[in-house]
Amino acid sequence: MGKFLSRLGPGMMLAAVAVGVSHLVFSTQAGANYGFSLVWLVFVVVALKYPAFLFSVQYASATGKSLVTGYANIGKPALMWLVAGFFVDTFIATGAVALVTAGLFISVFNLPYSGPQVAVALMVVSGLILLNGQYSRAESIVKVLVLSFSVLALVATLLSLPLIGDGGRAIFAELTPSRSLAVFIIAIAGWMPMPTNGAILISKWVCEKRAASGDSFDTKQAVADFRIGYGLAAVLAICFMIMGTAVLFDAGYEAPANPGAFATELLSIFTTVIGSWSYPIIALASLAVMWSTQIALMDAMPRLTDRLLSTLTGRADDAPPRYTKFLVVQVVGVSIILLFLMKGFTAFLYFATSMGFIAAPAIAYYNYIAMTSDEVPDALKPGRGITIWNWISVFVMTLFALGFLYTSIT
């Protein structure tokens, strides 16, 4: 098992980070509220984001550099779009993940505190873990728990199939165009299977994998590894939608108003289809999935932000790292948002996930520009098919971004 885990590459890291708010919250609610009527949306959004992630993997593998360097070579306008994306991930996305993680802790341990209070405590504890260098030691354990959670999700999905439509319940909802439906679709699109800003993260992971593995991790392997992880994230999204439909749809479901209540309902889905005996396993695996996502964001974003701002300001490459300073800024910033600026659990999650589409079209565009630059060998540059695919994705994601802005101001 140890050798197997050590071979897990950036694609599996991507899957581990992806299976968070988008899956546990929005895929489940999509099934609970609309049955199978929104299954098509998962496939569409996963397909739209695919070129942006593929280009990031290919660029990093071909050049040995992350997309931060690629954007710097394009120019400052590209870097400014990256700054916008990093702001979302550093504060808003991390806050949303912390809030859902807090809900699980509240539910599992019956904590007498609010979601924001527990989320802030988790931010502080996670920050201390990272400062003490303990995350690397815990990483192998987290991988085991994430894989265990994935297996349990697949098993639970298979066991939930007989519950679909039982008692004459419907399996499809009648979709009536409305603002609430538009807001929900945009929220799913923002973080399914993860925000497009994640392309920057996987480009960094590919560089680290190459540095550790040398020539044995070439472009072909990097792309294959990415497709496995990206595909797993998509499959698990469908699994949670199936479970939401099987257990909650057309059964008087109402979206919980706080993190603890939502987490309790989420865990009840598993115990309904697997059995109450599975609760400790499911609870532990769920906590691991969400907390590992939070820690991964808190570990990656301060490092990448330091690199990005150093590039923007012309700071010397050999200057002392400012990871600790940016980590403290992240913890303080997220704490302020959760304690003083958050209006409600559901509203904040919708806002956080929808914000994922603001920078998405620009990131998809600039990833393509990086892949077609002189840094990339001609043999590895995008062909006509994937180029057309990418331009369609940029256009559609622009419409999603405009839709978010429109629903936000009307």
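Worth pointing out:
- For the range 190-205, a residue qualifies if it is under 12 Å from S61 (Cβ atoms) and either part of a loop (DSSP other than H, G, I, E, B) or at pLDDT 85 or above (or both), and the qualifying residues are I202, S203.
- For the range 12-48, the set of residues classified as over 21 Å from A347 (Cα atoms), touching a strand residue (DSSP E or B) at 6+ places or on another chain (Cβ under 9 Å) and part of a helix (DSSP H, G or I) consists of F36, S37, listed by residue number.
- In the range 206-222, the residues that are part of a helix (DSSP H, G or I) and touching a Gly at 6+ places or on another chain (Cβ under 9 Å): V206, C207, K209, R210, A211, S213, Q221, A222
- If only residues of the range 148-160 that are under 16 Å from V289 (Cα atoms) and surrounded by fewer than 19 Cβ atoms within 10 Å (Cβ to Cβ) are counted, the one that is modelled with the lowest pLDDT is S148.
- Residue within the range 171-184 that is closer than 24 Å to D299 by Cβ and surrounded by 21 or more Cβ atoms within 10 Å (Cβ to Cβ) present: no
- Of residues in the range 374-397 being touching a residue at least 24 places away in the same chain (Cβ under 8 Å) and in contact with a Ser or Thr (Cβ under 9 Å, 6 or more places away or on another chain), the one nearest to K220 (Cα to Cα): L380
- Any hit, the range 365-384, residues being farther than 25 Å from M12 by Cα, modelled with pLDDT of 85 or more and crowded, with 21+ Cβ neighbours inside 10 Å: no
- Look at (1) in contact with a strand residue (DSSP E or B) (Cβ under 7 Å, 6 or more places away or on another chain); (2) more than 30 Å from Y406 (Cα to Cα) and you find that D225 fails only one, number (1).
- Members of the range 236-263 found to be within 15 Å of G31 (Cα to Cα) and either of a type in the set (V, I, T) or part of a loop (DSSP other than H, G, I, E, B) (or both), listed by number: I238, I242, T245, V247, F249, D250, A251, G252, Y253, E254, A255, P256
- Considering residues of the range 269-281 that are without any contact (Cβ under 8 Å) to a residue 24 or more places away in the chain and either over 12 Å from V155 (Cβ atoms) or touching a Ser or Thr at 6+ places or on another chain (Cβ under 6 Å) (or both) only, the residue surrounded by the fewest Cβ atoms within 10 Å (Cβ to Cβ): W277
- Sole residue being closer than 16 Å to A32 by Cβ, touching a residue at least 12 places away in the same chain (Cβ under 8 Å) and in a helix (DSSP H, G or I), chosen from L284, L266: L266
The values are calculated or read from the model by the stated rules, or taken from the named source; none is laboratory data. Note that this is a predicted model, so its numbers are computed, not measured. Virtual Cβ from ideal backbone geometry, glycine too; neighbours counted across all protein chains shown.
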